[in-house]
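Notes to accompany the following structure.
We did not get these values from a lab; they are worked out from the coordinates using the rules stated. Note that this is a predicted model, so its numbers are computed, not measured. All Cβ positions, even for glycine, are placed from backbone atoms using ideal geometry, and neighbour counts span all protein chains on display.
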Amino acid sequence: MIRLGLAVLTVCGVAAYFAWSKPDNTDQHRLARQLILNSTLSRVNDPVIVVGDSIVEASTLPRSICGHPIVNAGLIGSSTASDLGAWLALALDGKRAALIVVSLGINDALVSNPQSKESFADRYALLLDQLSKLTPQLAALEIPQVEAKGRTTAGMRDEAMSTINGYNSILPDLAARHGANFVSLLAMPKLHTMDGVHLNSDGYQAWDNAVMQAATKICT
């Protein structure tokens, strides 16, 4: 009964916070993911953390590798401007991760006025520097391709891919200069998304393989 009472009080407290602060849907989701990460990371040691956008959040990676738990720290809508370094540091609460894998860039490219390669590099570098304080090992994943499907027209695809290709061209050197291992994606199948952006099962097979390739670095 005591545990049930505490659980009810916790739920009521979270609900009261949301009702008082009235955050928008994006803020609500960020706070919900923060609570999940706080809870998950408080129960594990030396995790492999995969941080990024909705592609990460929707992934179903294995639960562990080489005895290290794999923790999904994806946050829908995230870009290099989303302050994920501070967000993750708060969830870790002083703990260290064995490895952090970063998968970001699509949302930077899909805005109406995407930032230049130089601005993208500056923001990505800042994130890597922040994350380097939380782990001895970092990996940066190549940005997946988008395709013409659903509401994503051929013109939208071509415009986005021009930006994504530019970002990907600087990621290997950027990663190396900030102590991260760059991991390229295997060739994606011709149809690898559900809507032009979000991966389908075939797309995730290639993406998962790349993430696990990065994660195996801690097994040697």
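Quick one: putting +1 on the C-beta of Lys and Arg, -1 on the C-beta of Asp and Glu, what dipole do you get for the chain around its Cα centre, in Debye to the nearest 20?
620
Using a Förster distance of 35 Å, how high is the FRET efficiency between ALA125 and THR153, based on the Cβ-Cβ distance and rounded to 0.05?
Numbers: r = 33 Å, r/R0 = 0.93.
Taking R0 as 35 Å, the efficiency between ALA125 and THR153 is 0.60.
Would you calculate the separation in nanometres between label points at THR220 and THR60, each defined as 7 Å from the Cα along the Cα-to-beta-carbon direction?
Here the answer is 3.1 nm between the modelled labels.
Just to be sure I understand: of the beta bridges DSSP finds with both ends in the chain, what percent are antiparallel, rounded to 5?
On the way: 4 of 21 bridges.
Of the beta bridges lying entirely in the chain, close to 20 percent run antiparallel.
Based on the Cα atoms of segment 89-146, what semi-axes does the equivalent ellipsoid have, where each is the square root of 5 times one gyration tensor eigenvalue, given in whole Å with the largest first?
So the equivalent ellipsoid measures 25, 12, 10 Å along its semi-axes.
Between GLN34 and ASN113, what is the label-to-label distance in nm when each label sits 7 Å out along the Cα-to-Cβ direction?
Calculated label separation equals 2.9 nm.
Distance between the C-alpha centers of segment 80-104 and segment 26-72? Whole Å please.
The two parts, judged by their Cα centres, are 10 Å apart.
Work out, step by step, the length gained on full extension between LYS133 and ALA86: first 0.36 nm times the residue separation, then minus their alpha carbon distance; give nm to one decimal.
15.9 nm
Counting only complete DSSP H runs, which helices of the chain cover 30 Å or more along their long axis at the Cα atoms and score a mean Kyte-Doolittle of -1.0 or above?
Span-like helices here: 154-177.
May I ask for the Kirkwood hydrodynamic radius of segment 102-202, worked out over all distinct Cα pairs and given in angstroms to one decimal?
Result for segment 102-202 stands at 14.3 Å.
Counting helices only, and only those DSSP H runs with n ≥ 4, report the 222 nm mean residue ellipticity of the chain as the sum of -39,500 (n - 2.57) divided by its residues, in deg cm²/dmol to the nearest 500.
Counting only the DSSP helices, I get -16000 deg cm²/dmol.
Give the value in nm², to one decimal: projected area of the alpha carbon convex hull of the chain, averaged over all directions.
Values: hull surface 54.5 nm².
Mean shadow area of the hull around the Cα atoms is 13.6 nm².
If you wrap segment 150-214's Cα atoms in a convex hull and average its projection over all directions, what's the area in nm²?
4.8
Given the C-alpha centroids of segment 171-215 and segment 148-167, what is the distance between them in whole angstrom?
Distance between centres, Cα-based: 17 Å.
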